[in-house]
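Student: Sharing a structure here in structure tokens format.
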Amino acid sequence: MLNVVIFGPPGSGKGTQSENIIEKFNLAHISTGDLLRAEISGHTQLGTIAKSFIDKGELVPDETIIGMIDNKIESLVGAKGVIFDGFPRTVAQAEALEELLAEHNSKVSVMVNLEVPKEELVERLLKRGETSGRSDDNLETIEKRISVYESQTSPVIDFYKAKKVYKAIQGVGSVDGIFESISAAIEGAK
Ligand code: B4P
């Protein structure tokens, strides 16, 4: 299986680039952000828990996320590969993903880190907030999400560096140009 982790701070373009990657490489897509928003709109118990964290710009607890991913991976056994978008966001999640994939004799093929400066992230997310209707796309929550990224999520970079599957990508520029760099990184991992 070709398993790609697309990584980066909030607003770095993970969701945007995932759409292109899925199409080109014919991968299944797991976006924890999308899964959580679906739970919220379905008014499920998980959705109620998730909303209380997302609205504050905090991460949803690892056990909730890992349980959700476990179910989803089971349903994708036999797929050509998977793009993990917005997951893992903590080292505990990265360790859990290793274990879940190992159960299927698989592992992460490449981790692509979209590097974007903070000012650009804030600008993009404020712009998205004008139309997205997302409760977390406002200045206060955006600032909080970026600081949570720096303290809790960025250590995941060293986890994948140690596994020798880490690729840094310049995430500023045209969506197509960034996609070319990502494609080259994925081709190199095949
Ligand atoms: P996510 O849904 O994963 O969203 P995100 O980090 O905000 O955005 P992304 O990087 O995908 O940006 P996008 O492509 O849309 O997470 C939301 C929340 O859910 C988290 O804060 C957390 O609370 C919770 N959560 C999710 N996963 C979790 C996990 N594993 N553990 C715990 N909690 C979890 O791009 C943003 C904007 O930039 C768009 O408007 C886009 O058009 C624009 N853009 C993209 N590329 C561009 C470019 N090259 N140039 C200019 N603009 C660009």
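The values are calculated or read from the model by the stated rules, or taken from the named source; none is laboratory data. What you see is a predicted model, and the numbers here were worked out from it, not measured in a lab. Here Cβ is always computed from backbone atoms with ideal geometry, including for glycine, and neighbour counts include all displayed protein chains. Calculation scope for accessible area: heavy atoms of the full protein, side chains included, ligands and nucleic acids excluded. Shrake-Rupley method; radii C 1.70, N 1.55, O 1.52, S 1.80 Å.
Student: In this model, which of Lys107/Lys127; Lys14/Lys161; Lys72/Lys127; Lys51/Lys107; Lys51/Lys72 are farther than 27 Å apart at the alpha-carbon?
Tutor: Violating the 27 Å Cα-Cα cut-off are Lys107/Lys127; Lys72/Lys127; Lys51/Lys107.
Student: Take the solvent-accessible surface of the protein heavy atoms, probe 1.4 Å, and return the percent of it on region 2-189 that carbon and sulfur atoms account for.
Tutor: Answer for region 2-189: carbon and sulfur cover 49 percent of the accessible area.
Student: Based solely on its DSSP helices, what 222 nm [θ] is calculated for the chain when runs of n ≥ 4 H residues each add -39,500 (n - 2.57) and the sum is averaged over all residues, nearest 500 deg cm²/dmol?
Tutor: -17000 deg cm²/dmol
Student: Given the protein chains as shown and a 1.4 Å probe, how many square angstrom of Phe53 are accessible, to the nearest 10?
Tutor: 50 Å²
Student: Using protein chains only and a probe of 1.4 angstrom, how many square angstrom of Glu187 are accessible, to the nearest 10?
Tutor: Glu187 has an accessible surface of roughly 90 Å² with all protein chains in place.
Student: OK, next. Using the alpha-carbon centroid of each, what span in Å lies between region 1-63 and region 156-186?
Tutor: When both Cα centres are located, 18 Å separates them.
Student: Just going by the charge dipole of the chain, with Lys and Arg at +1 and Asp and Glu at -1 on Cβ, which of Ser154, Ile22, Ser75 is farthest out on the positive end?
Tutor: Ile22
Student: Any idea of the accessible area per residue across the chain, 1.4 Å probe, to the nearest Å²?
Tutor: 50 Å²
Student: Evaluate E = 1/(1 + (r/R0)^6) for Lys80 and Asp34, where r is the Cβ-Cβ distance and R0 equals 22 Å; express this FRET efficiency to the nearest 0.05.
Tutor: E between Lys80 and Asp34, to the nearest 0.05, is 0.65.
Student: Further question on the same structure: In nm², what is the average projected area of the convex hull enclosing the Cα atoms of region 118-170?
Tutor: 4.4 nm²
Student: Sticking with this one: At 7 Å along Cα-to-Cβ for each site, give me the label-to-label distance between Ser147 and Phe53 in nm.
Tutor: Between Ser147 and Phe53, the label points sit 1.9 nm apart.
Student: While we're looking at this one, here's another question. Hey, what do the phi angles of region 13-22 turn into as Karplus ³J(HN,Hα) couplings, whole Hz, using 6.51/-1.76/1.60 and θ = phi - 60°, x for Gly and Pro?
Tutor: x, 4, x, 4, 6, 4, 4, 5, 5, 4
Student: Quick one: compute the contact order of the chain, relative version, from alpha carbon pairs under 8 angstrom and 6+ residues apart, as a percent.
Tutor: So the answer I get is 34 percent.
Student: Rounded, prolate or oblate: which fits region 5-95, taking a ≥ b ≥ c as square roots of the Cα gyration tensor eigenvalues, rounded meaning a/c under 1.5, else prolate when a/b beats b/c?
Tutor: prolate
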